[in-house]
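**Student:** I have a structure here, written as structure tokens, and I will follow up with some questions on it.
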Amino acid sequence: MEPIFSPLIEQAVELAAQWHEGTYRKGTWRAPAFEVPEEAALGRVPMMVHVTAVALTVQRAGFGEAAVAAAFLHDVLEDANRYGDVMGRSVLADRVGEEVAAIVATVTEQKRDAAGTPRGWRARKEGYLAQLRAGTLEAAAVSLADKLHNLWSMNESVSRGIDVFTSAPAAGRSAPARPSNAGSTTPSWRRRPPTTTPAWPRSGTGSPARSSGSRPWSDDPSRAGVPQRARCNSAGAAT
């Protein structure tokens with residue numbers, strides 16, 4: 001029997017919250033629970049809601065702490081943070097161990113080839129399925145939980161008349177669903193230009209300062225100079 005408290009899962013939650021801070025899902029269907037300023041983003045669903053739902057599903061299915069930790073972190077290798085940084089696998093392994101990093105890598109879609117060129121939709125999806133076939137049961141569980149929550153979110157949005165495929169976000173609290181990337185190599189509406197000086201973690205915030213031009217979060221030379229976006233993950237599209 002595993003301990004009730006898991007330092008590994010706690011660390012995964014912290015890292016996921018830091019990485020996804022300021023990023024949101026594409027769709028929302030619930031009104032805010034309380035009044036907020038018009039400029040606030042409360043009407044949008046933070047990415048942490050999604051990764052938490054995925055992790056709880058994996059835990060309820062009976063998987064152990066490595067799978068649950070990986071579920072919290074399942075998008076950190078695939079999604080840039082709000083500053084455009086890309087996390088490398090070796091960096092993730094240093095933080096939470098190789099077992100967790102291996103699960104996350106298995107459920108990470110490779111959107112670019114070794115030269116940094118965007119891969120087509122079919123190539124991405126076929127590569128993802130090949131990774132799952134060669135991966136562990138834990139990786140399959142994380143992937144299924146991810147797709148389950150995406151599908152549920154999509155159904156909830158569509159049932160309320162929100163077009164999760166073509167709607168663009170509106171300003172303020174009532175932002176509708178954002179467009180899906182499925183079937184396209186074009187990034188979604190919000191993009192961040194390339195930068196050679198990532199802004200996170202920044203000095204004075206309790207995290208170590210980063211020297212100009214360094215990319216301590218990335219261990220993949222092919223990603224250097226590749227434009228990244230502060231991605232708001234799908235409310236249903238497979239990612």
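**Student:** For residue 125, give me every one of the lysines with a C-alpha distance below 18 angstrom, ignoring sequence neighbours fewer than eight places off in its own chain.
**Tutor:** 111, 147
**Student:** Moving on. Taking all protein chains as present, what is the carbon and sulfur share of the accessible area of the range 1-87, in % to the nearest whole number, probe 1.4 Å?
**Tutor:** 59 percent
**Student:** Can you give me the long-range amide H partners of residue 24? Hydrogens built in the peptide plane at 1.01 Å from N, cutoff under 5 Å, separation of 5 or more residues or another chain.
**Tutor:** Under 5 Å from the amide H of residue 24: 47, 232, 233.
**Student:** Related question: How compact is the range 54-148 by the rule of thumb for globular proteins, expressed as Cα Rg over 2.2 N^0.38 Å?
**Tutor:** 1.06
**Student:** So, one more: So, taking all protein chains as they sit and a 1.4 Å probe, how much accessible area belongs to residue 49, in Å² rounded to tens?
**Tutor:** 70 Å²
**Student:** Now, a different point. Using the C-alpha atoms of the range 8-122, what convex hull volume per residue, in cubic angstrom, is computed?
**Tutor:** Measuring per residue, one finds 148 Å³ for the Cα hull of the range 8-122.
**Student:** State the extension gain, in nm to one decimal, for the chain segment bounded by residue 113 and residue 39, taking 0.36 nm per residue of separation less the distance between their alpha-carbons.
**Tutor:** Roughly 22.8 nm would be gained on extension.
**Student:** Using the heavy atoms of the protein chains alone and a 1.4 angstrom probe, what is the accessible area of the range 105-159 per residue in square angstrom?
**Tutor:** 54 Å²
The values are calculated or read from the model by the stated rules, or taken from the named source; none is laboratory data. Everything numeric here is computed off the predicted structure, so don't read it as measured data. The area values use the complete protein model at the heavy-atom level, side chains included, leaving out ligands, DNA and RNA. Shrake-Rupley method; radii C 1.70, N 1.55, O 1.52, S 1.80 Å.
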